[in-house]
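The structure under discussion appears below in the form of structure tokens.
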Amino acid sequence: MNALASLRHLSADECLGLLAQHRLGRVSVSMGALPAILPVKYALWNGEVVFRTAHGSKLSNALIGAVAGFEVDDVTEDHSGGWSVLVVGHATEIRDEGALERARALPLAAWGPGGGDQFVSIPTQHMTGRAFGTMPA
């Protein structure tokens, strides 16, 4: 059976389970009217994808209030199976002090110098997932 013949849609629960298992994804947003896809460390928290960025960064400026895409995937070593989850929604900055304190406790160490002191969330209400072949362990 070829991989395309075994393509199936994932349920919302399956998508959330896969999002919860991983820590590296890609966020897509328009920067200067051009598409940009950037890797981010993330956590699934309160039904939302949360990641850090730096205030004033290109990503921060392009993302806040914009519709963004967020994608995570995995594939077997021999590429015979895999999955992909896509979340689309309005990116918002977490500003509430209580929520910020909890977000700072998430395993989201900053990548760049100076740290990422801005926390961004994308709700998972618009989420799709697909799998083919045997899913990676």
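Simple spin-label model, 7 Å along Cα-to-Cβ: residue 128 to residue 75 in nm?
2.0
With each label point set 7 Å from Cα along the Cα-Cβ vector, what nm distance links residue 135 and residue 11?
Calculated label separation equals 1.1 nm.
Scan around residue 124 for amide H atoms under 5 Å from its own, H built in the peptide plane at 1.01 Å from N, and keep only partners 5 or more places away or cross-chain.
For residue 124, the qualifying residues are 49.
How much length is gained on full extension from residue 58 to residue 22, taking 0.36 nm per residue of separation minus their Cα-Cα distance?
Details: separation 36, 0.36 × 36 = 12.96 nm, distance 2.48 nm.
Going from the current span to full extension adds 10.5 nm.
Under 8 Å for C-alpha pairs, at least 6 residues apart: give me the relative contact order for the range 1-131, rounded to a whole percent.
Working: 249 pairs, mean separation 41.8, N = 131.
Relative contact order here is 32 percent.
In a Debye calculation with equal point scatterers on the alpha-carbon sites of the chain and no solvent, what is log10 I(q)/I(0) at q = 0.16 Å⁻¹?
For the chain, the Cα-only Debye profile gives -0.82.
Going by alpha carbons, how many degrees (0 to 90, nearest 10) lie between the helix axis of 12-21 and the longest principal axis of the chain?
Computed tilt is about 70 degrees.
Once the Cβ-Cβ distance between residue 97 and residue 30 is put in as r, and R0 is 22 Å, what FRET efficiency do you end up with, to the nearest 0.05? Write out the running numbers ahead of the final one.
On the way: r = 30 Å, r/R0 = 1.38.
So the FRET efficiency works out to roughly 0.15.
Values in this text are rule-based calculations from the coordinates and carry no lab data. As the structure is a computational prediction, the values presented were derived from the model and not from experiment. We place every Cβ from the backbone using ideal geometry, glycine too, and count neighbours over all the protein chains shown.
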